[in-house]
1. Kindly provide log₁₀ I(q)/I(0) values, in the same order as q = 0.15, 0.17, 0.24, 0.26 Å⁻¹, from the Debye equation applied to equal alpha-carbon scatterers of segment 223-278.
2. Consider a paramagnetic label point 7 Å from the Cα of Thr281 along Cα→Cβ; state which residues of segment 309-327 have an amide N under 17 Å from it.
3. What is the distance, in nm, between label points placed 7 Å from the Cα along the Cα-to-Cβ direction at Asp470 and at Tyr554?
4. Per residue of segment 104-119, in order, report the coupling 6.51 cos²θ - 1.76 cosθ + 1.60 (Karplus, θ = phi - 60°) as ³J(HN,Hα) in whole Hz, putting x for Gly and Pro.
5. Go ahead and run the numbers for FRET between Arg770 and Asp221, Cβ-Cβ distance against an R0 of 56 Å, rounding to 0.05.
6. Of Lys134/Lys194; Lys69/Lys160; Lys160/Lys194; Lys586/Lys711, which pairs sit farther than 23 Å apart, going by alpha carbon to alpha carbon?
7. Modelling each spin label as a point 7 Å along the Cα-to-Cβ direction, I'd like the Leu237/Asp307 distance in nm, to one decimal.
8. State the extension gain, in nm to one decimal, for the chain segment bounded by Asp503 and Glu620, taking 0.36 nm per residue of separation less the distance between their alpha-carbons.
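Just so it is clear, none of the values below were taken in a lab; they were calculated from the coordinates. Just so we're clear, the structure is a prediction, and the values are computed from it rather than from any experiment. FYI the Cβ positions are ideal-geometry reconstructions off the backbone, even for glycines, and counts take in every protein chain you see.
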Amino acid sequence: MKKFLSLVLALTMALSLVTVSAGTTDFDDDGDITYQEAVTVIAGMGIVDGYSDGTFGPDEALTRGAAAKIICNLILGPTTADALSASSAPFVDVPTTNTFAGYITYCSQQGIISGYADGTFRPTDTLSGNAFMKMLLGALGYDSDKEGYTGANWTVNVIKQAVGIELNDGNDDFVGSQAVTRQEACLYAFNTLKATMVEYSDNSTVTVGDITISSQGDYSDVSNSTSSDGNIEDDGLMQFAERYFRDLEAEDDTDDFGRPATTWTYDGDELGTYANDADETFVVDDTEDSLLTLMTDGDCLNYSSSDINSDADVYFNGTDEGAYSSNRNSALAGKGDILEVYEDDNGDVDTIVIRSYTYAKIDTVDTDLSSTHENRGASVGIELVDIDDDSIGTYYNDYNDDDKILKGYNSDYTEGTVLAVDGDASASLDDVYYVNMVYSETTGDRTRYYAEAVSLVDGSEVDLRLADSDVIADNDGDHSLADDDFFYVNDLYILEEDDDEYDGEAYRGQDGYSVTMGPLSDDVTSSSPTIRLNSANTLTYDDEDEIDDVTRLYLDDETTTSIGIDQAHTDDSLDVSFSTGPMAAKAYDADGSGSSVDLTVFVIFKDDDRDAVYVVYAAENLKGGASSSDVVYLADDANNAVGSGNYEVDLYFMEDMSLVEDLTIDDQEDQGFYDYEVDEDGVYSLGTGSIEFISGDVDDDTDDEAAMNVKFDEVRSYLASGKNNDGATFDAISFADATVIDTRSSSDRSDDVYDNEINTASKLATAIERSVDADGVLTADV
């Protein structure tokens, strides 16, 4: 069941702000900036400025004059570079009064830039990527003449060197002949800050007669033995920023999603935290794939299992889920989620991050709240809408209910601010439980009270110690805690822990979500599109919002979570089923035959579209509660004893029709269909309590039900007819799309009229025909 538990956790993330750290410099057109980290750092250091109107103009072309200023700011620092001036015109079209004259003069004197053959510099012209990379390489110490940055093929040599040291890192679409934009210039300058400087050795000049020969050795990395080593890289080498910007520091960190990240600080001020580039990224397209499948399958990330560290950290939207070894069989990621993988220096996976989020926009910010909201701790209300401007709900800067708080709230938030919200902005149910009963235990003169409950987050059964006996109301007048030491509750509650004790109140929905409860009107199958209740009682979170009692709600295979609680309202241990999508359940009828007994249904749904988010069945005897995801088929009678009372068997899992061999079960069982539970040692307990066995005619509405020992005595065009002794009747039922499993041994097959393995619909049809022709029948479990 772990697979389904983990999947649902992935779909029920609490609504909270995922803080995307911003730099100290913000621009009005931040949303247009692609290279946010680079612009934030470069602008925060004063190397590139924004405009007086508050914008940055990320996609405006960089001019040759502005490029010279960036180079000077990089080498000299903004303060020193700002004092540069030109005593004479460096080029015929750059008078001393030109804004960039001082910068152009300095770069020309240092051999970093050059003009054109006609004596011009053309400072207002755009600059190609090739030309800007040549400037940056010069700043890093590369000699233009030695490295061939002049002459007919200079662009080839420049780009080869620039790409080789990753000056274009982050721009996979780099084209050297195209004009550089302002944000691209920031990206390349940012990469220069992290690049290692070079120097040349063995420079000498030899004169032979009238000929002077200059000799210059190859370049090598500049070493760094100063205190700045480690500001960028702790490698004993001199990165550009470690020489020219000793107040700039890059610190290893993690971002809000758990991704390995870098926090940049300059002169003591934090500029921002930004995630490192993932080594591999994958968008999940199947909600039922385990993490192991996503990591190793050839259609996914295709890692070898040996290349994944067993203790690799796994994060889901910033929550530490533990080591990979504990999560590899769990379906943590849902459809559309982003899987990011980070490797260590050996190329082995050491961090796995799953991101699941949507965007929300602040529609209104309300500081004039009612006294009711103020009494609950709020002073600001924030109305959120999704990308289609549909309401997500109202949240507050503070509140006495955590589900109402916009985590990460910032007083600078204004209308139009876009936020990243983890999960799918669905109901937050971390502290919501179905409470079956309250009971007391007395030791000496101390009496303690407990709630027998089921968590809606993962379907786990828990016994929670209550702060006192009044935390949960007695909903059944026939029982009292004083007389019987327990009473049945049968309701949903918010229970929050405080010093190992739980306090709370009845759960009645939350903003945008309501609860309806009542008896089931019609049977539900695992493929039902709707669920209908009879005489429902609908409760809303906000008393001001009137809503009629809702009896019909919509189910979805991916967004509806179903929980079946059998043996509720009894003293027996609860039997809980948990899955994603609709769960089959039989409605109550007058005589109770073949139907659930004492069944109550709770549905948490979205107010605006009546989509069911959670469906909880609670019954004394829940019928039809198992779906294919809960059922296995025992391939043969359990006769191979292992250990004390255990047996080794082969099980077919109905969810994906997979065969798993040599599993251990805790009792001797006969061949057939079973639901199951698995303990911490991997031992399976098989039962049939939640399986509905067919006792009548099979038709198009029959779903998630089983029949044993059906004797098929007629077949035509993949339509089979037959019955068993329990009353299950198949009348020309199609098996064209059925998965067929032949459990006969080879010796059994050799004794039958059809001795080939029956593993397709075609072979099944032939086997039935030959059995009938031999005046017999083919017996099957269905």
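1. Results for segment 223-278 at q = 0.15, 0.17, 0.24, 0.26 Å⁻¹ read -0.44, -0.56, -0.91, -0.98.
2. The answer is 317-318, whose backbone nitrogens lie closer than 17 Å to the label point.
3. Label at Asp470, label at Tyr554, 4.4 nm between them.
4. Karplus-based 3J(HN,Hα) across segment 104-119 equals 5, 4, 4, 5, 5, 5, 7, x, 7, 10, 8, x, 9, 4, 8, x Hz.
5. The computed FRET efficiency comes out at 0.10.
6. Result: Lys69/Lys160; Lys586/Lys711 exceed 23 Å.
7. Modelled inter-label distance: 2.4 nm.
8. Full-extension gain reported as 39.4 nm.
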